[in-house]
Structure formats: C-alpha cells, structure tokens
Amino acid sequence: MYFDFKEVLKLKSKEILISTLPVKPQKETNIGMLLSPTIMDFVGDVLEAKKNIGFNIIHSYEQKDTELDGYLDTISKSKIEYDSIFVDKDHGDQLLEIVDKMYYDGFLKIKQKEKIRCECGRVDMIPSSVNNGKIYRIENGNIICNYCNQVCSKYIEKSLVFELKDDVKIPSICPPYLKKEMNAFIRTFNNSDILVSKNRNTGYVIDTLSGPFNIDVDFVWSNYFKLYDNPKQIYIASNHQLFLIFLMNYLAEKTSNKELVFIANPYLNVDLKEAKRQYELRKLKEYKQLLLLYNFRWKNKNCNWSSTNTTYLNNISDTKLRNLYNAMIISSKELLESDLPLEELIFKILNEKSNMQNNIKEMKRLYKEGRL
C-alpha cells in the first residue's frame, strides 16, 4: 500500500497525522529519546500535518507516570512542537474494547500453543519468536530470563493468537532498503500466529467463550492508530522496532481502513552524555533541530554522531541558524509537487534536504531568490 501524493496534495492538513510510536519515558531523557519527536516536528511542518507524540507509561512491571513529566519538560525546553499527546494509560478502556472487538470479529483465535515461559513470567512466547532479546538470553541452547535468571520451560497452553495469513504485504516504509527486512518478516511469519495473550497479569483482560485472557501490553497499544480519525497516518520509530512496524501495518491492513506509512530512523552511535552536552550548548530550537537532523545518514542502518556538526552550528549566528532551518522547510516543500509515493518523498526530504551540505547550498539559493 502507498499514498498517491496527488491525492495527498488535495487533503487538508488535519487529515494527515504524523506521530511517534509510543515511547517509554526514563528517569533521564537522553538524546535517543528526542530523535523521533524531532523528525515528527520537522516532517510534520513540511507536510502541514497534525503532529502527535505517543507515550507508553503502563505495563506489567513499572509505572512511568513520574518520568512522563520530565520527558515533556525536555520536549518543551527543546521547543519541539506537537498538537496532541497519546498516553496509553489514558486510553486503556478504549484500546481494550478494540482488542475485544477483534476477538468477536474473528481476527483473534483461541488455540493450544506450545509456549516458552520463565518463573517470573517476563519471558512468555511461542518458539517461532525466539531470538536474542532484551529480556532473555540464549546460553548452551537454553533460554534464560535476564530478570529471574531461570531457564525457561516449555508448556502447552490455551492461548489467544492473531493469525497472519499468506497475503501479508510489505509496509510503506522509509528508508526503502528496510523493505528487505520486512520481506524477511513476511517469510518468517506468513501463515503463523502472533501470541496476544500472556500467562501473567498484564492489567488488560478480555473475556472470551473459553474464559478470560491477559492481553500483551505491546499488542494493546499497537492498535492505537485506530483511535484517530485521520485516514492517512505516518509513524516514526527506531529501526530497532521493525517487528512492531510489521505488526502495526498488518493490523491496519486487516482490521481497519487506515493507511499507514512508517519512518524508521537509523540507530545513532553516540556517547549520550556528551551528545546531551552538545545539544544544550544553545537554547535556540533551530540549533537543536539541525544538530539532530544533520547527524542522520539515512542510507545506513547505523550512523555515528559527528562533533563537526556541533562545531559548525555552535559558531554561526542565530539568524543563520534560522535561515538554515527555514531553507530546509522551504526546499522540502518544493518536493510536494512530485508524483512520488509518500514514503519515497519523505526519504528524499530526510536524505537530501536535511543533509548539512545540501542545506547550506539551498539556503544560499533561497537567499539569492529573496525567499529568506
């Protein structure tokens, strides 16, 4: 599925939503947590779309309310602009109704499934999902929970699953090289099941004809795009979240009339404390936006932080910083008359227009034309 941009040009700005995938606030907001909101703000300005930031503050083991205020304070000080906020905790009942409806509409099935589970319950999955993950490790062929440090055991349990049929489609995603990884997900999960229920108490429960099931929190909020009326929606995440992108896209295809496009930003290799120090050298929004956007290399899955960008941006005037950012917006808007699908258009905006050298050239051109 892709957008016909001629159609997009006819849409009112409020009909397009651009949002981050829900972020888990931490005790200290680091640079990595500002990447998606910065991209959202920039691309949202170019497309004149409604801008949203998503937060995941409720799950089985931690409450994140106290960290949310700190995150929003950092967003405010960074002058990142948005129109709305999604906090999963505030929409739990609505999201649970969506999952409940999916069950009664036949999208979720009850099956006897072989599962792998640890004593504390944090590891709870079907064998096809096994890979080295954050909450467990594989040692000598055993799956060991990183929290209780116990070897996981296998069980046959009645489970609620979401079936992936053989017509899974590749998501519209930027950068385009990630479509190869999406194809790999399709090959892996075609005609298989995604585990929706958990043995532990997740705080989200639906009743079925076979009794109640605890619903996986990530599956619950993966449906949050359905809460918005916008028919066209763009979601931003790290390229470490590709499976969630894959799942959300399939949910949209099969259980809604929404059309989704995804931006998966490169992973930034950086000393977080040093990057934060550089980020806070100037309070000007344009400085902070340009500093982060210049550090991306959109043709690479991983890229390194460059202090050269900081040196350049920290030694020019506020006026020049504003002109650089305005030139980035104006030159990006010039691309909107193209016939490219939206994900390709966004890639050109991010890969070409937010490149430092290209941005400097565009600023000089627009200044000569009297447009700055």
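The values are calculated or read from the model by the stated rules, or taken from the named source; none is laboratory data. Bear in mind that the values here come from a model prediction, so they are computed numbers and not experimental data. Virtual Cβ from ideal backbone geometry, glycine too; neighbours counted across all protein chains shown. Please note that ligands, DNA and RNA were not included when accessible areas were found on the heavy atoms of the full protein model with its side chains. Shrake-Rupley method; radii C 1.70, N 1.55, O 1.52, S 1.80 Å.
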Answer from D90, D100 - the residue that is within 21 Å of the chain's Cα centre (by Cα) and open to solvent by 40 Å² or more (accessible area, probe 1.4 Å):
D90
Considering only residues that are within 14 Å of K258 (Cα to Cα) and of a type in the set (S, T, N, Q), look in the range 227-247 and name the one that is modelled with the lowest pLDDT.
N230
Checking N230 against (1) surrounded by fewer than 21 Cβ atoms within 10 Å (Cβ to Cβ); (2) part of a helix (DSSP H, G or I); (3) within 19 Å of the chain's Cα centre (by Cα); (4) not small (G, A, S), which test does it fail?
(2)
Among the candidates R122, R187, single out the residue that is without any contact (Cβ under 8 Å) to a residue 12 or more places away in the chain and either more than 30 Å from Y287 (Cβ to Cβ) or not aromatic (F, W, Y) (or both).
R187
Looking at K64, is it over 30 Å from C148 (Cα atoms), at pLDDT below 85 and charged (D, E, K, R)?
no
Please go through the range 330-352 and pick out each residue that is touching a residue at least 40 places away in the same chain (Cβ under 8 Å) and either open to solvent by less than 20 Å² (accessible area, probe 1.4 Å) or acidic (D, E) (or both).
S332, E337, D339, L342, E343, E344, L345, I346, I349, L350
Considering residues of the range 149-191 that are at pLDDT 85 or above, polar (S, T, N, Q) and over 20 Å from L21 (Cβ atoms) only, the residue surrounded by the most Cβ atoms within 10 Å (Cβ to Cβ)
S159
Which strands (runs of 3 or more DSSP E) sit wholly inside the range 147-225 and have at least 2 residues that are over 23 Å from L342 (Cα atoms) and of a type in the set (F, W, Y)?
153-164
Please verify whether the range 109-120 includes one or more residues that are under 23 Å from N223 (Cα atoms) and surrounded by fewer than 16 Cβ atoms within 10 Å (Cβ to Cβ).
yes
Which of the residues spanning the range 193-214 are surrounded by 14 or more Cβ atoms within 10 Å (Cβ to Cβ), within 22 Å of K154 (Cβ to Cβ) and not charged (D, E, K, R)?
I194, L195, V196, S197, N199, T202, F213, N214
When every residue in the range 304-329 that is open to solvent by less than 30 Å² (accessible area, probe 1.4 Å) and hydrophobic (A, V, I, L, M, F, W, C) is compared, the one nearest to K368 (Cα to Cα) is A327
Just a yes or no: is a residue in the range 30-48 in a loop (DSSP other than H, G, I, E, B) and out of contact with any helix residue (DSSP H, G or I) (no Cβ under 8 Å at 6 or more places or on another chain)?
no
Among the residues listed as S210, S222, the single one being within 15 Å of the chain's Cα centre (by Cα), at pLDDT below 95 and of a type in the set (S, T, N, Q)
S222
How many residues does the range 353-366 hold that are open to solvent by 30 Å² or more (accessible area, probe 1.4 Å) and either assigned to a loop (DSSP other than H, G, I, E, B) or modelled with pLDDT under 95 (or both)?
1
